[in-house]
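Readers should treat all values here as calculations from the given coordinates under stated rules, not as data from a laboratory. No experiment lies behind these values; they were computed from the predicted model shown. Positions of Cβ are generated from backbone atoms using ideal geometry, with glycine treated the same way; all protein chains shown enter the neighbour counts.
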Amino acid sequence: MVEEESLRVVHCGGSELNFRRAVFSADSKYIFCVSGDFVKVYSTATEECVHILQGHRNLVTGIHLNPNNHLQLYSCSFDGTIKLWDYIDGILIKTFVVGHKLHALFTHAHAEDSVFVIINKETPDIFQLVSVKLPKSSSQEIEAEEISFVLDYVNQSPKCIAFGHEGEYVAAVRDFYLSVYFFKKKKTSRFILSSSRSKKHAKNNFTCIACHPKEDCIATGHKDGKIRLWRNFDDDKKYTYTCLHWHHDMVMDLAFSVTGSSLLSGGRESVLVEWRDATEKNKEFLPRLGATIEHISVSPAGDLFCTSHSDNKIIVIQRNLEASAVIQGLVKDSNIFTGLVIDPRTKALVLNGKPGHLQFYSLQSDKQLYNLDIVQQEYINDHGLIQIELTKAAFGCYGNWLATVEQRQEKETELELQMKLWTYNKKTQGFVLNTKISMPHEDHITALCFGNAEKSENPTLVTASKDGHFKVWILTDDSDIYKQAVGWTCDFVGSYHKYQATNCCFSEDGSLLAVSFEEIVTIWDSETWELKCTFCQRAGKIRNLCFGRLTCSKYLLGATENGILCCWNLLSCALEWSAKLNIRVMEPDPNSENVAAVSQSSVGSDLFVFKPSEPRPLYIQKNICREEVQWGVFVPRDVPESFTSEAYQWLNRSQFYFLTKSQSLLTFSTKSPEEKLTPTSKQLLAEESLPTTPFYFILGKHRQQQDEKLNKALEDELIQLPLTENIPAISELLHTPAHVLPSASYLCSMFVNSLLLSKETKSAEELPDDIDMEEEKESEDSDEENDFTEKVQDTDNTDLGEDIIHQLSKSEEKELRKFRKVDYSWITAL
Amino acid sequence: MAAAERGAARPTGDNRTSRRRRRRCREHSLRTSGLAPRALPGQSARARGSGAERGPRRSAGIRCVAYNNQSNRLAVSRTDGTVEIYNLSANYFQEKFFPGHESRATEALCWAKGQRLFSAGLNGEIIEYDLQALNIKYAMDAFGGPIWSMAASPSGSQLLIGCEDGSVKLFQIIPDKIQFERNFDRQKSRILSLSWHPSGTHIAAGSIDYISVFDVKSGSAIHKMLVDRQYMNVSKRKCIIWGVAFLSDGTVISVDSAGKVQFWDSATGTLVKNHLIANADVQSIAVSDQEDSFVVGTAEGTIFHFQLVSVTSSSSEKQWVRTKPFQHHTHDVRTVAHSPTALISGGTDTHLVIRPLMEKVEVKNYDAALRKITFPHRRLISCSKKRQLLLFQFSHHLDLWRLGSTVATGKHGDTLPLSKDADHLLHLKTKGPENIICSCISPCGSWIAYSTASRFFLYRLNYEHDSISLQRVSKMPAFLRSALQILFSEDSTKLFVASNQGSLHVIRLLEGSFKHLHTFQPQSGTVESMCLLAVSPDGNWLAASGTSAGVHVYNVKRLKLHCTVPAYNFPVTALAIAPNTNNLVIAHSDQQIFEYSIPDKQYTEWSRTVQKQGFHHLWLQRDTPITHISFHPKRPMYILVHDAYMFCIIDKSLPLPNDKTLLYNPLPPTNESDVIRRRTAHAFKISKIYKPLLFMDLLDERTLVAVERPLDDIIAQLPPPIKKKKFGT
């Protein structure tokens, strides 16, 4: 049944977490953030992703808690729908189809059953804020057509719109304008900052806005780093504002605390500033947050803040300005030079991360595992400063060794080059610098590869450079009288007619090394380093080079810049076949003979999967994306899939990931994107503990002690309580959201039945007075108690098997009757 | 005089600066000649140098300002005791001034009983000024040591002063006098600030480290509110309450040396709110009459505006919010005032800044523009054309300079080398502590006259080659005690003195002696003093003008009043009589210029045309008054006027500009045809290359002399401002 579905290109995570402001749940336990087509729910305490709300078919552009039910979340998307979610259970409740492309979503408690969205009109650059009335209906998908216009010419970013206290007004900024629309008066006030080209006001542009939660006060951020606090803005003439100035660069976002007593601001300085009482002299800082603050949000409970950063990270900050949790996604801040590399040990995707760092990104859990600081120098964010760039990275010897190359080029002639070799330390579970080689080559290093031979006692590294040489580095003994050590030294330098070396790769068994020198491919014996043969097709410089695997290991593939793909037979030293294909990325699958090649054409990128032995491709997918594909990689699967369809068999053992120019990480899948949650995170959600309120500390402790006592007592009597977790009926009842459950009358019999002790395990007399059970009942259905008991009787008479009735001893019946007599009227008062 | 100090040219001691200045002079004459090529062919323009006194000199910063709501006038006192009155309705013209006195450092200034102006100072005296006769009515010792603060009661009938010895004294204002009433409870240390409750029942007094609230009836302190000395967790020596303001709801606002603005509840004596606004002292506070906004000035040169805004539009709850900061000063803002439409501030850097509140201004005209008044609206330099001498007037001395000259020629825009440097001929110091009010050098260069508040001096100068000798003309008549304006006739035979009694004296000068010819008595019923004089070059006519009434023209030959030019709403800022035609040209503070024919006793045709058509709107928007008018002897159609920032030649033969034409046209490009040039030409040829231009006149028909006073030099003489860390330095 899986095979019936066609293969699709899907976003596989790594999408921006910082696209919009994150939203806290009412109790600050969860934090929601948009992530591509999904909404992710993270736990603020554990940083774990507990849910992925999927259902939108395009980028999610806005999320907001339902002001009328704080257990529900609204989201809007480019696909033109607003969806209402139950975030605790991760269930889509309703879909409202609006029809326009929605750019942002706002709600507030005083707008009865309507939400506000930003849509754009026919002309591409004009955005409107409109209110959408959400019709009340029981059906799952509802057309929301009642759209009323609120503000025109707004900025598409939701940071530029804010709702005032009690929803009395909405304020929007764009360029040099601040517009305030009063809902009651239906009047718009407009304030203009001097926008003259004179130097003084040149950077007066508004960048963001926030409204005071209690007072008539609007805070606006500006490009020149100023924050203006506007008051009296209901009067076009008497309006006044005051300035707060600390940021030296653009203010990226602003947020008021829940009480409005302090204002938070952030920008390029990566410092969160808290302005207390909105005074210039009274401010607190949280510095060194790592990257530009893109968004700031405040939890409704007021105990937490969070900042979204440009390096795809969310930091949860406590009220006393202490960072408490970091949710880090795939860093997309810098250019990817290293390409996509798989760490053989963790199967993590390794690529450029923060400046000068290598990030290890888990594809399974869609989060960053850790950062490896390669450059090990302070990063100074300054415009025009030429930084050290990490250009190459390669793993060797099953992840025991990591080679990295960094370079910095200020002028044409001044190249600073450094190669570092890192060894995996089992004790610290991390990479430790082993050898540092400065200027390994005279010119840029174009390729780097480890000899992937089984004999790991003799690791080999080959670097190819534009200076016309390729160098072979081997691990040698570097011990001295102080310690035993190993280090890397150059073993062999090869060149071919002073051509630039552009690519290098080892054959699968490690016996052959192929190095391409511009148009020529040379094959070297890895034992003796002598030139075995050369291939030259005169079809342009070699762009990609790789050996075939397994049964196809006698083939060498080369893709040239002129759009020719060649396949040479190493046994006959002749061209086996060639094809005209403008290949950008060519990646062999380590677990099969397959080679994936992505070609670039004017309309988009196409994927070809083929075996070197067969000139006919196994699989072709045209137009996998519109942009240029920059990097690709095969990631071995933990559990092999079994696609029976021949076309998809290449995905059985590995998955192909690729990265486009706009740095979206894509993959192929036939299924809808699978739930990537680990079982532990689910567990976390299920075992949702009681809120740690002061009452919990007083009563919870007390009760725990009581429970312990009780347990002891019970243990003494060798009585075993029925564990509710183990009974499937109960767990089903408890862990299924209330609104999708069948009616209580239907469930009741099953539920009661499950609570009854079976004859085999427990004696009939030992029906425990299960407090839990009562609680569950109360929480599940707060019907009138009479009803409930009647139904119990009903079910007793009809549904349940006779034997159970028989099993009820007199004492049990007495017990049950006792329950019936218990006064449950207080429930209605709840 | 303070004004003089600020106003005149600068030292020659520094060679480099004086050279630069000379070069500026050069340029000006040449560029001006380019502006009006027919009038001033540039080929043989002579370089002129003018210099000034050497040695250090203190500048007179503004110490206090007091705004009078009824007359819309602003009184400004400077650190040397000068008091100036600005008329805010008349385009912020400085219409009156009282000369300073060395021992009278003013610390407080207030208006009471409507139009009565009082000041108090560190010499312990309370002074009342006579605004009509422009002199001091009386000075009265308060017997409390130096006076630091003064406040008039809301009704205006009582005056309260705070003294060095900690006493607060209440005076009753009676007609023509003030009368001591009683003392309040004496405090430990000096009373630096005082404020009345608008009902007049309580007062707040700011002292060192605490604020006292007094009950006026009993005179006893009912609350003592201690101010936190801590500043940024560092205990400063003492916390000085520089200013207090008592609001009608019982709130007391205090500003102090720790940079705080604090709100106190006077009923309970508790601190309500604290705004830390500066790292340095907050030195002054002024509240608007509606009590919906106030302004504070800090030692960092910033003024902050606080406004009472409603918390939400629906509720009536209001709170004070710091709104806009304004940084128009480089030094301490010693004083602020709050007029209904503007924030007014003055400080050590000698600027008076009037910042209109946009929300209070009805129409966005030039009233809404920021005003920065730096220079006095008077002429402090006089010139002897014949001998090419310039006389600079300072507060306590006069400087006489002979201009340098050059023989070189050059083209337009060149700076010519000086063949002869400017000479400092004379440095004349005054006797006594009083400041000079006015001074004049005769056109022939052989007489110098100046006056202080109590004495009149006339000197005769004798030139013998390079040396110069000075001889005081003694035995001045008793009526020549003090003069507001002095003028010599063109042939230097007559001296005209406008005295502060409103009378005009005509004196004939002989070799080494003089003879009183006549005194024109003021019109019956007016006591207004004449401040401006102009004499016709043929010596027949004398025009004199007071601050508000019309211009009187006297016939000097017959010694009688010839006519009176009809009064105009705005005060006269400059007067001159044209040669040959005897047309009187009058400039008013609203930038209107009238031409009045004295022989015909009516406005000239040109003046009527101008009035009919109206001036260019940009011309009317100029905010500095015209301080000097002169004429070109060979070109009767030209009127030369200047103010501190521009020099203008009005060519009466050309059509007037209308609102569509460019007023400040740059020099038309030479490659354009004459037709276009003629079409775009209009009567006003304006040059704004001078920054602060103090004086400009024609020496002869080919030479202009200009005196500039670069602002940087004034700033350089001031004490250094508070150093502030600036980002990126």
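Between residue A:249 and residue A:156, what FRET efficiency follows from the Cβ-Cβ distance if R0 is 25 Å, with the result rounded to 0.05? Write down the numbers at each step before the final one.
Details: r = 22 Å, r/R0 = 0.88.
With a Förster radius of 25 Å, E is 0.70.
With labels modelled as points extended 7 Å from the Cα through the Cβ direction, what inter-label distance (nm, one decimal) is found for residue A:345 paired with residue A:411?
Here the modelled spin labels are 4.2 nm apart.
Enter the Cα centre distance for the pair segment B:66-119 and segment A:580-633, rounded to the nearest angstrom.
Using only Cα atoms to place each centre, the spacing works out to 88 Å.
I'd like the chymotrypsin sites (Phe, Trp or Tyr not before Pro) in segment A:366-457 restricted to DSSP loop residues with at most 15 other Cβ atoms within 10 Å, sorted by number.
A:398
For the residues A:812, A:141, A:530, what sequence is obtained by ranking on other C-beta atoms within 10 Å, fewest first?
On the way: A:812 16, A:141 12, A:530 9.
Placing the least packed residue first, the sequence is A:530, A:141, A:812.
Could I have the simple spin-label model distance between residue B:226 and residue B:372, label points 7 Å from Cα toward Cβ, reported in nm to one decimal?
Label at residue B:226, label at residue B:372, 4.4 nm between them.
If I take R0 = 30 Å and measure r between the Cβ atoms of residue A:386 and residue B:273 in this structure, what FRET efficiency does the formula 1/(1 + (r/R0)^6) give, to the nearest 0.05?
Details: r = 51 Å, r/R0 = 1.70.
Plugging the Cβ-Cβ distance into 1/(1 + (r/R0)^6) gives 0.05.
Going down the list B:113/B:188; A:541/A:611; B:429/B:723; A:40/A:186; A:411/A:661, which pairs span over 28 Å between their C-alpha atoms?
Checking Cα-Cα distances, B:113/B:188; B:429/B:723; A:40/A:186 exceed 28 Å.
Roughly speaking, what is the centre-to-centre gap between segment B:257-311 and segment A:353-420 when only Cα atoms are used, to the nearest Å?
When both Cα centres are located, 54 Å separates them.
At 0.36 nm per residue, and after removing the present C-alpha to C-alpha distance, how many nm does the segment from residue A:732 to residue A:133 gain when stretched out fully? Mind dumping the intermediate values first?
Values: separation 599, 0.36 × 599 = 215.64 nm, distance 3.57 nm.
Length difference between fully extended and current span is 212.1 nm.
So if R0 is 22 Å, what FRET efficiency would residue B:319 and residue A:318 give, r being the distance between their Cβ atoms, rounded to the nearest 0.05?
Values: r = 29 Å, r/R0 = 1.31.
E between residue B:319 and residue A:318, to the nearest 0.05, is 0.15.
Please give the contour-minus-distance gain from residue B:265 to residue B:409: 0.36 nm per residue of separation, less the Cα-Cα distance, rounded to one decimal in nm. Don't skip to the end; give the middle numbers.
Details: separation 144, 0.36 × 144 = 51.84 nm, distance 7.44 nm.
Fully extending the segment from residue B:265 to residue B:409 adds 44.4 nm.
Could you sort out which of A:427/A:483; B:660/B:688; A:223/B:324; A:281/B:169; A:223/A:313; A:466/A:622 sit more than 28 Å apart by Cα distance in this structure?
A:281/B:169; A:466/A:622
Can you give me the distance in nm between label points at residue B:139 and residue A:569, each placed 7 Å from the Cα along the Cα-to-Cβ direction?
For the pair residue B:139/residue A:569, the computed spacing is 12.1 nm.
Round to the nearest 10 and give me the degree value, 0 to 90, for the angle of helix B:15-35's Cα axis relative to the longest principal axis of chain B.
Tilt relative to chain B: about 60 degrees.
So how do A:573, A:566, A:217 line up by other beta-carbon neighbours within 10 Å, fewest first?
The fewest-first ordering by Cβ neighbours comes to A:573, A:566, A:217.
Using alpha-carbon positions, what is the distance between the centroids of segment A:268-292 and segment B:382-432, in Å?
Using only Cα atoms, the two centres lie 59 Å from each other.
Given that compact globular proteins tend to follow 2.2 N^0.38 Å, what is the ratio of the alpha-carbon Rg of segment A:158-328 to that value?
1.00
Average partner chain C-beta neighbours within 10 Å, per residue of B:306-315?
Per residue, the average neighbour count from other chains is 6.
At 1.306 mPa s and 10 °C, plugging the Kirkwood radius over alpha-carbon pairs of segment A:18-154 into Stokes-Einstein gives what diffusion coefficient in µm²/s?
Reported coefficient: 106 µm²/s.
Below 8 Å, C-alpha to C-alpha, sequence gap of six or more: please give me the relative contact order for chain B in percent.
In percent, rounded to a whole number, it is 10.
Within segment A:32-74, find all residues whose amide N lies under 12 Å from a label point positioned 7 Å from the Cα of residue A:109 along Cα-to-beta-carbon.
Counting only backbone N, you get A:67-70.
Mind sorting A:439, B:696 by how few other Cβ atoms lie within 10 Å of their own Cβ, fewest first?
A:439, B:696
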